[in-house]
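Notes follow once the structure below has been shown.
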Amino acid sequence: MAGTEVRTAPEVAETVPQRLLAAATRLFAEHGFETTSVQQIVDAAGVTKGAMYHYFGSKDDLLHEIYARLLRVQTARMEQEAAGDSPVADRLHAVAADVVATTAANLDDTVIFFRSMHLLHPDKRAEVRAQRRRYHERVRALIEEGQAAGVFRADEPAELVVDFFFGSVHHLGTWFRRDGELTGEQIGEHFADLLLASLRP
């Protein structure tokens, strides 16, 4: 899938919600979610508390949205690719490569969220987990489609394959560097190749 960058364009980033999200992302990365105050966020964004509360009810809402906006984009891209008419192996490869590349392109958002997710209100935490589970289940359905068609080996449980793959994706933040030898897109291609290789009969 062409173009994995999901950061907002400069003119969009100037809207109040995007300014708040950009400020919160930077401050959470520098100081941590717990020690960053709402006042610090609005000062950095150049808005008032009233403006923030018009869009976000709390710091929890900001933290949730930092990750949820990426997950929404990834889900939309995945659904578009998964619903295509290309062979199932090609669709699974494209989906796998894209989720790695978009995660790498927005690594700060992902790292901040997973580092602080346990601090979210339980309802917000459950909402994110449900959204992630829906994404994982759609990928599992692609694997099961390939297994039913005889394209993928059927002796590996699809759920286990999905958990193994996304476990690797969620650990990108521990080792991926933007100035490293491989780009996020290249790593995505390698991850997708490894996933498909593990499923070949």
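Tabulated data for the structure shown
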read-out	value
Hits in region 170-193 (condition: farther than 17 Å from I143 by Cα and among the hydrophobic types (A, V, I, L, M, F, W, C))	L172, W175, F176, L182, I187
Selected residue (criterion: surrounded by the fewest Cβ atoms within 10 Å (Cβ to Cβ)) from residues of region 111-134 that are of a type in the set (A, V, I, L, M) and within 16 Å of K59 (Cα to Cα)	L119
Whichever residue in region 1-29 is out of contact with any helix residue (DSSP H, G or I) (no Cβ under 7 Å at 6 or more places or on another chain) and among the small types (G, A, S) and, among such residues, is modelled with the highest pLDDT	G3
Subset tally (residues that are in contact (Cβ under 8 Å) with a residue 24 or more places away in the chain and within 10 Å of V47 (Cβ to Cβ)) for region 18-29	2
Of all residues in region 143-177 being touching a residue at least 60 places away in the same chain (Cβ under 8 Å) and either assigned to a loop (DSSP other than H, G, I, E, B) or among the small types (G, A, S) (or both), the one that is surrounded by the most Cβ atoms within 10 Å (Cβ to Cβ)	F152
Close pairs (9 angstrom Cβ cut-off, 6 or more residues apart or separate chains): closer than 17 Å to K124 by Cα in region 38-61, open to solvent by 80 Å² or more (accessible area, probe 1.4 Å) and of a type outside the set (S, T, Y) anywhere	S58/H121; D60/H121
Helices (runs of 4 or more DSSP H) (entirely within region 30-91) containing at least 2 residues that are touching a Ser or Thr at 6+ places or on another chain (Cβ under 9 Å) and either crowded, with 16+ Cβ neighbours inside 10 Å or modelled with pLDDT of 95 or more (or both)	38-45, 59-82
Per-region count, region 50-93, residues within 15 Å of S37 (Cα to Cα) and not aromatic (F, W, Y)	9
Qualifying positions in region 43-101 - in contact with a helix residue (DSSP H, G or I) (Cβ under 7 Å, 6 or more places away or on another chain), more than 30 Å from E144 (Cα to Cα) and not aliphatic (A, V, I, L, M)	G46, T48, K49, Y55, F56, K59, D60, H64, E65
Contacts under 9 angstrom Cβ, first residue in region 97-110 being not assigned by TED's automatic domain parsing to the domain that holds E189, partner modelled with pLDDT under 95, 6 or more apart	none
Test for L196: is it without any contact (Cβ under 8 Å) to a residue 12 or more places away in the chain and either open to solvent by 50 Å² or more (accessible area, probe 1.4 Å) or part of a helix (DSSP H, G or I) (or both)	no
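The values are calculated or read from the model by the stated rules, or taken from the named source; none is laboratory data. Here the structure is a predicted model, which means the values were calculated and not measured. We place every Cβ from the backbone using ideal geometry, glycine too, and count neighbours over all the protein chains shown. Only protein heavy atoms, including side chains, enter the accessible area calculation; ligands, DNA and RNA are left aside. Shrake-Rupley method; radii C 1.70, N 1.55, O 1.52, S 1.80 Å.
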